[in-house]
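Novice: One structure follows; several queries about it will come next.
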Amino acid sequence: MSSDKTYAVQRSDDEWREQLTPAEFNVLRRAGTEAPFRGEYTDTRTRGVYSCRACGAELFRSDTKFDSHCGWPSFYAPLAGDRVEYIEDSSMGMRRVEVRCASCGSHLGHVFEGEGYGTPTDQRYCINSISLRLAADDE
């Protein structure tokens, strides 16, 4: 993964490999994709905040998560616009918009618009579970 941007959280590939499992490294640092319908948070209903698994930056709230039946957790908006960054992605013969953590540049997934999901933003942030960590709200 390369970017000209300087991130608040920076580590070498070796440092990331020490911190992340091989599967986490593949998705977060190499823009891989986890298998659909297998992720830890695909169907969870737990209320709380989803953070970047690599750096801990808070990214999404559970109240913006919805069932899209796409195989990955889906949200209709990040916590704030500056929490994520958007990169044009023309890989795999498609035109998509990649979503990365704005704090460390880790790959999270992709965002899609105008698919008829009826969300307040008409957007679907399709995010890899392995890119996230959920901190449940205190009950």
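The values are calculated or read from the model by the stated rules, or taken from the named source; none is laboratory data. Computed from a predicted model, the values in this text were never measured in an experiment. Note that each Cβ is placed from the backbone with ideal geometry, even for glycine, and that neighbours are counted across all protein chains shown.
Novice: Regarding PHE60, is this residue crowded, with 16+ Cβ neighbours inside 10 Å and under 23 Å from ALA136 (Cα atoms)?
Specialist: Considered against the rule, which asks whether it is crowded, with 16+ Cβ neighbours inside 10 Å and under 23 Å from ALA136 (Cα atoms), PHE60 comes out as yes.
Novice: I need the full set of residues from region 12-34 which are in contact (Cβ under 8 Å) with a residue 24 or more places away in the chain and in a loop (DSSP other than H, G, I, E, B), in order please.
Specialist: Across region 12-34, the qualifying residues are LEU20, ALA31, GLY32, THR33, GLU34.
Novice: Yes or no: THR6 touching a strand residue (DSSP E or B) at 6+ places or on another chain (Cβ under 7 Å), surrounded by fewer than 17 Cβ atoms within 10 Å (Cβ to Cβ), part of a loop (DSSP other than H, G, I, E, B) and of a type in the set (Ser, Thr, Tyr)?
Specialist: No; evaluated as a whole, the condition is false for this residue.
Novice: Where residues in region 34-56 are touching a strand residue (DSSP E or B) at 6+ places or on another chain (Cβ under 8 Å) and over 12 Å from ILE127 (Cβ atoms), which of them is surrounded by the fewest Cβ atoms within 10 Å (Cβ to Cβ)?
Specialist: THR46
Novice: Now for a separate question. Do you know which of the residues in region 102-116 that are touching an Asp or Glu at 6+ places or on another chain (Cβ under 9 Å) and more than 22 Å from GLY56 (Cα to Cα) is modelled with the highest pLDDT?
Specialist: GLU113
Novice: Identify, please: which residue in region 97-139 is within 11 Å of ILE87 (Cα to Cα), in contact with a strand residue (DSSP E or B) (Cβ under 7 Å, 6 or more places away or on another chain) and not hydrophobic (A, V, I, L, M, F, W, C) and is, among those, surrounded by the most Cβ atoms within 10 Å (Cβ to Cβ)?
Specialist: For region 97-139, the residue satisfying everything is GLY109.
Novice: While we're here: Given ARG17, ARG11, which one is surrounded by 12 or more Cβ atoms within 10 Å (Cβ to Cβ) and more than 23 Å from LEU134 (Cβ to Cβ)?
Specialist: Testing whether each residue is surrounded by 12 or more Cβ atoms within 10 Å (Cβ to Cβ) and more than 23 Å from LEU134 (Cβ to Cβ) leaves just ARG17.
Novice: Output the qualifying pairs, or none if there are none: Cβ atoms under 8 angstrom, residues six or more apart or on different chains, first residue in region 79-93 and farther than 17 Å from PHE112 by Cβ and without any contact (Cβ under 8 Å) to a residue 40 or more places away in the chain, second residue charged (D, E, K, R) and surrounded by 10 or more Cβ atoms within 10 Å (Cβ to Cβ).
Specialist: If the second residue must be charged (D, E, K, R) and surrounded by 10 or more Cβ atoms within 10 Å (Cβ to Cβ), the pairs left are LEU79/GLU58; LEU79/ARG61; ARG83/GLU58.
Novice: Criterion first (closer than 27 Å to GLN19 by Cα, surrounded by fewer than 19 Cβ atoms within 10 Å (Cβ to Cβ) and charged (D, E, K, R)) does ASP67 satisfy it?
Specialist: Details: closer than 27 Å to GLN19 by Cα: no; surrounded by fewer than 19 Cβ atoms within 10 Å (Cβ to Cβ): yes; charged (D, E, K, R): yes.
Criteria not met by ASP67.
Novice: Report every pair of residues separated by at least 6 positions or lying on different chains whose Cβ atoms are under 8 Å apart, first residue within region 59-72 and of a type outside the set (Phe, Trp, Tyr), second assigned to a helix (DSSP H, G or I).
Specialist: Taking only residues 6 or more apart or on different chains, the pairs are LEU59/ARG83.
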